[in-house]
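Trainee: First, the structure itself, so that you have it in front of you.
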Amino acid sequence: MPPSDPKPIIIAESVRKTYRSNDGRSHLALGGVSAEIGRGEVLVVFGPSGSGKSTFLRTLNALESIDSGRIVVDGVEISDPGADLNKLRSEVGMVFQLFNLFQHRTALDNVVLPQIVVHRRSKSEAVRRAHDLLGKVGIDDRAGHYPSQLSGGQQQRVAIARALAMDPKVMLFDEPTSALDPETVTGILDLMTELAAEGMTMAVVTHEMGFAREIANRMLFMDSGLIVEEGSPQQIFQMPRQERTKEFLKQIL
């Protein structure tokens with residue numbers, strides 16, 4: 001894959017996030033997380049359930065607000081109350097675990113509509129771009145199908161095409177294969193590998209360690225709302241420094 005640009009496109013500094021329940025209890029999701037993502041870099045974030053990895057990913061396009069700290073995306077501090085979050089979300093694509101497609105719209109419409117609403121593209125231009133992207137992800141023959149008529153893997157391909165239609169500077173993937181059957185997972189991972197090879201900046205939360213070993217420039221291991229260890233795939237898998245990292249890897253490898 002192309003080498004990443006060392007100049008970061010995303011900077012997170014001392015990010016804290018606490019969830020509060022109706023009964024007044026609080027849960028610290030992020031306890032002061034600092035990380036950077038370079039242009040063209042593929043960052044894989046992994047860790048046990050409840051470690052804060054998905055929350056951290058969602059703060060990078062302001063789907064989750066933060067209590068304190070600072071997040072900068074391509075020179076814009078998105079944690080600033082005056083930041084244009086709609087513009088940000090058009091530049092930072094997000095692919096979710098459960099697809100989040102419009103169920104009453106066809107695959108084609110799911111890719112067309114955001115282009116018209118966000119980028120003000122003409123209908124003809126948006127349709128042309130949508131067909132190109134549905135072809136890229138290998139599902140243009142299902143353009144007229146509704147999500148309920150598609151398999152999980154096919155729905156995730158539509159979701160990826162929809163995110164790419166915004167011409168994002170960064171793609172965030174939040175456990176994109178965890179809701180898929182094993183036979184479908186490989187196709188989605190292959191598609192993500194292609195995007196990485198094309199130089200797309202990506203942050204990926206995943207438990208697919210074989211994929212991480214192959215695609216990541218860098219990996220972050222999180223636990224209890226903190227980054228426990230950071231390093232290259234080679235270092236993480238062959239020479240983990242922290243006992244908690246070693247313990248987790250023994251359980252999943």
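Trainee: How would you order 154-166, 52-64, 122-134 from highest to lowest mean count of nearby Cβ atoms within 10 Å?
Mentor: Sorting 154-166, 52-64, 122-134 by mean packing, highest first, produces 154-166, 52-64, 122-134.
Trainee: Ser151 to Leu63: extension gain in nm, 0.36 nm per residue of separation minus the Cα-Cα distance?
Mentor: On the way: separation 88, 0.36 × 88 = 31.68 nm, distance 2.66 nm.
Separation in residues times 0.36 nm, less the Cα-Cα distance, equals 29.0 nm.
Trainee: How much length, in nm to one decimal, is gained on full extension between Val76 and Lys246, taken as 0.36 nm per residue of separation minus their Cα-Cα distance?
Mentor: Numbers: separation 170, 0.36 × 170 = 61.20 nm, distance 3.66 nm.
This chain segment gains 57.5 nm when fully extended.
Trainee: Given a 1.4 Å probe, how much area per residue of the stretch 126-212 is accessible, in Å²?
Mentor: That works out to 37 Å² per residue.
Trainee: Still on this structure: Determine, at each q value in 0.12 (inverse angstroms), the log₁₀ of I(q)/I(0) that the Debye formula gives when each Cα of the chain is one equal point scatterer.
Mentor: Summing over Cα pairs of the chain leads to -0.72.
Trainee: A further question on this structure: Can you give the percent of C-alpha pairs in the stretch 60-170 whose distance is more than 25 Å? Write down the numbers at each step before the final one.
Mentor: Values: 1617 of 6105 pairs.
In whole percent, the long-distance tail amounts to 26.
Trainee: Let me ask something else about it. Can you run the Rg to Rh ratio on the stretch 118-174? Use alpha carbon positions and the Kirkwood inverse-distance Rh.
Mentor: That ratio equals 0.97.
Trainee: Would you work out the relative contact order for the stretch 151-253, in percent, from Cα pairs under 8 angstrom that are 6 or more residues apart? Please list the in-between numbers first.
Mentor: Values: 89 pairs, mean separation 20.9, N = 103.
It comes to 20 percent, rounded to a whole number.
Trainee: Here is a follow-up. In debye, nearest 20: dipole of the chain around its Cα centre with unit charges on the Cβ of K, R (+) and D, E (-)?
Mentor: Roughly 420 debye for the chain.
Trainee: Taking a probe of 1.4 Å, how large is the accessible area per residue of the stretch 39-84, in Å²?
Mentor: 37 Å²
Trainee: Of the accessible area of the chain, with the probe set at 1.4 angstrom, what percent is carbon plus sulfur?
Mentor: Details: 5560 of 11810 Å².
Carbon and sulfur: 47 percent of the exposed surface of the chain.
Trainee: Based on Cα coordinates alone, diagonalise the gyration tensor for the stretch 48-111, multiply each eigenvalue by 5, take square roots, and list the semi-axes in whole Å, largest first. Could you put the intermediate results ahead of the total?
Mentor: Values: eigenvalues 122, 62, 15 Å².
Gyration-tensor ellipsoid for the stretch 48-111: 25, 18, 9 Å.
Trainee: Determine, for the chain, the count of lysine pairs separated by eight or more sequence positions (or lying on different chains) whose alpha-carbon distance falls under 22 Å.
Mentor: Number of lysine pairs found: 10.
Trainee: In sequence order, what are the phi-derived ³J(HN,Hα) couplings for the stretch 233-238 according to the Karplus relation 6.51 cos²θ - 1.76 cosθ + 1.60 with θ = phi - 60°, rounded to whole Hz, with x for glycine and proline?
Mentor: Residue by residue, the stretch 233-238 yields x, 4, 5, 4, 7, 9 Hz.
Trainee: Continuing with this model, one more query. Could you tell me which of Thr18, Gly210, Leu172 has its Cα farthest along the dipole of the chain towards the positive end, charges placed at Cβ (Lys, Arg +1; Asp, Glu -1), taken about the Cα centre?
Mentor: Thr18
Trainee: Please give the contour-minus-distance gain from Asp181 to Ser232: 0.36 nm per residue of separation, less the Cα-Cα distance, rounded to one decimal in nm.
Mentor: Gain in length upon complete extension: 15.5 nm.
Trainee: Here's another thing I want to ask about it. Report, largest value first, the span of the C-alpha coordinates of the stretch 137-253 along each principal axis, in whole Å.
Mentor: Largest to smallest, the principal-axis extents are 51, 29, 24 Å.
Trainee: What's the angle, to the nearest 10 degrees (0 to 90), between helix 152-164's Cα axis and the longest principal axis of the chain?
Mentor: Orientation of helix 152-164: about 90 degrees from the principal axis.
Trainee: From the P(r) of the stretch 1-92, could you give the percentage of C-alpha pairs in the tail past 17 Å?
Mentor: For the stretch 1-92, the fraction of Cα-Cα distances above 17 Å is 52 percent.
The values are calculated or read from the model by the stated rules, or taken from the named source; none is laboratory data. Everything numeric here is computed off the predicted structure, so don't read it as measured data. Heads up, the Cβs are rebuilt from the backbone with ideal geometry, glycines too, and the neighbour counts pull from every protein chain shown. Side chains are part of the model used for accessible areas, which takes the heavy atoms of the whole protein and leaves out ligands, DNA and RNA. Shrake-Rupley method; radii C 1.70, N 1.55, O 1.52, S 1.80 Å.
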